[in-house]
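What follows is a set of notes on a single structure, which appears directly below.
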Amino acid sequence: MDSKIESDLISEIHLNPIQARVYLLVTCYGKMTPQIISEKLKISFDDAQTAAKDLMNLGAFIDISETEFEAMHPRFTVVNMYRRMCQRENIEFKRNKIVDSIGVVLEKPYDDARTK
């Protein structure tokens, strides 16, 4: 996965590194359980579950069942996460080219993962 996008998610949207990795994994490979996330990223089950729930609260994921998380379309979610971060941190929300480019770059892997 592209570490540039990962660092942009951390710097621009203020995700923590685990949240950024979980977001990229599910966005690019499709819905999965915290168990699968933890195995693929080699993080603890608790970290995977916490990050997935955090991402749900941030508007990036939806829970499609008790145990599975799915990412919403990156063009929308990246901007939504950025908007919420601006609100939380009292930053003026305005167009951010880096944030826009994350959504653009993730669009193809997102679509590919869902049209196998």
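The values are calculated or read from the model by the stated rules, or taken from the named source; none is laboratory data. Please read these numbers as outputs of a predicted model, since none were measured by experiment. Glycine also receives a Cβ, built like all others from the backbone with ideal geometry; neighbour counts cover every protein chain displayed. Please note that ligands, DNA and RNA were not included when accessible areas were found on the heavy atoms of the full protein model with its side chains. Shrake-Rupley method; radii C 1.70, N 1.55, O 1.52, S 1.80 Å.
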Those residues of region 63-78 that are open to solvent by 40 Å² or more (accessible area, probe 1.4 Å) and among the hydrophobic types (A, V, I, L, M, F, W, C) come to a total of 3
Taking only pairs six or more apart or across chains, which ones have beta-carbon atoms under 6 Å, a first residue in region 60-75 that is without any contact (Cβ under 8 Å) to a residue 60 or more places away in the chain and part of a loop (DSSP other than H, G, I, E, B), and a second residue that is open to solvent by less than 40 Å² (accessible area, probe 1.4 Å) and of a type outside the set (A, V, I, L, M)?
A60/Y23; A60/T77; I64/E70; T67/T33; E68/T33
Give region 38-59 a look and list any residue that's open to solvent by 50 Å² or more (accessible area, probe 1.4 Å) and assigned to a loop (DSSP other than H, G, I, E, B), or say none.
K42, S44
Might you let me know whether region 8-27 holds any residue that is open to solvent by 60 Å² or more (accessible area, probe 1.4 Å), of a type in the set (V, I, T) and modelled with pLDDT of 95 or more?
no
Limited to region 85-114, what total is found for residues that are more than 14 Å from P74 (Cα to Cα), open to solvent by less than 60 Å² (accessible area, probe 1.4 Å) and either at pLDDT below 95 or part of a helix (DSSP H, G or I) (or both)?
2
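Against the condition buried (at least 17 other Cβ atoms within 10 Å of the Cβ), free of Cβ contacts under 8 Å to residues at least 60 places away in the same chain and more than 10 Å from the chain's Cα centre (by Cα), how does T33 come out, does it pass?
Yes; evaluated as a whole, the condition is true for this residue.
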